[in-house]
1. If you take mean projected area of the Cα convex hull in nm² from the coordinates, which of (1) 18.9; (2) 10.4; (3) 6.8 do you get?
2. How about region 12-117: which chymotrypsin sites (Phe, Trp or Tyr not before Pro) there are in a DSSP loop, with at most 13 other Cβ atoms within 10 Å of their Cβ?
3. Per DSSP H run of n ≥ 4, the term is -39500 (n - 2.57); total these for the chain, divide by its residue number, and report the mean residue ellipticity at 222 nm rounded to 500 deg cm²/dmol.
4. For E111 and K37, calculate 0.36 nm times their separation in residues minus their Cα-Cα distance, and state this gained length in nm to one decimal.
5. Going by how many other beta carbons lie within 10 Å of each one, how would you line up M1, M108, fewest first?
6. Mean-square fluctuation check for the chain, GNM, Cα pairs under 10 Å: which of E31, E56, E100 is largest?
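A short reminder: the numbers here are calculations on the coordinates, not readings from a lab. None of these values were measured; they are calculated from a predicted model. Cβ atoms come from the backbone with ideal geometry, glycine included; neighbour counts cover every protein chain shown.
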Amino acid sequence: MKIRLKNIQNKNKQKTHLLANYTRNAIVVKEAFQVIKEGSGITNIDEIVTAFIKAEEQNYALWNYVNQLGQECDLYEDRISQIDKEIAHYEALANMNNNELSNKVSSMTEEAEDLKK
């Protein structure tokens, strides 16, 4: 009987402790809503909750938009890198063509001078 009584007393202590924690948390939430009411001027808790939900949705949408812009920037940077490589390739080809053209002009000039003699 004593063991049973101790078990009941322990369970009551645990429940009392849980109830005290719940009460403390409820007071903290109530005080937080009071601060929000005073700061925002909104007196209805449902309106406060709705405002927070809308703000969270807007933040999420903005976060998605920023991520999308970041991905687009990455794509543009990759494309710029590809274009830079193509430019370097074509510049190298142009330099080769200029060298070939210079060589051809030189050989033709030599040939013309040889013909003049």
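1. Among (1) 18.9; (2) 10.4; (3) 6.8, the one derived from this structure is (1).
2. Working: sites: Y22, F33, F52, Y60, W63, Y65, Y76, Y90; in loops: none.
Here no chymotrypsin sites (Phe, Trp or Tyr not before Pro) fit, given the DSSP loop and packing criteria.
3. Values: 2 runs with 111 residues, N = 117.
Estimated from H runs of four or more residues: -35500 deg cm²/dmol.
4. 17.0 nm
5. Details: M1 5, M108 10.
Going from sparsest to densest Cβ surroundings: M1, M108.
6. E100
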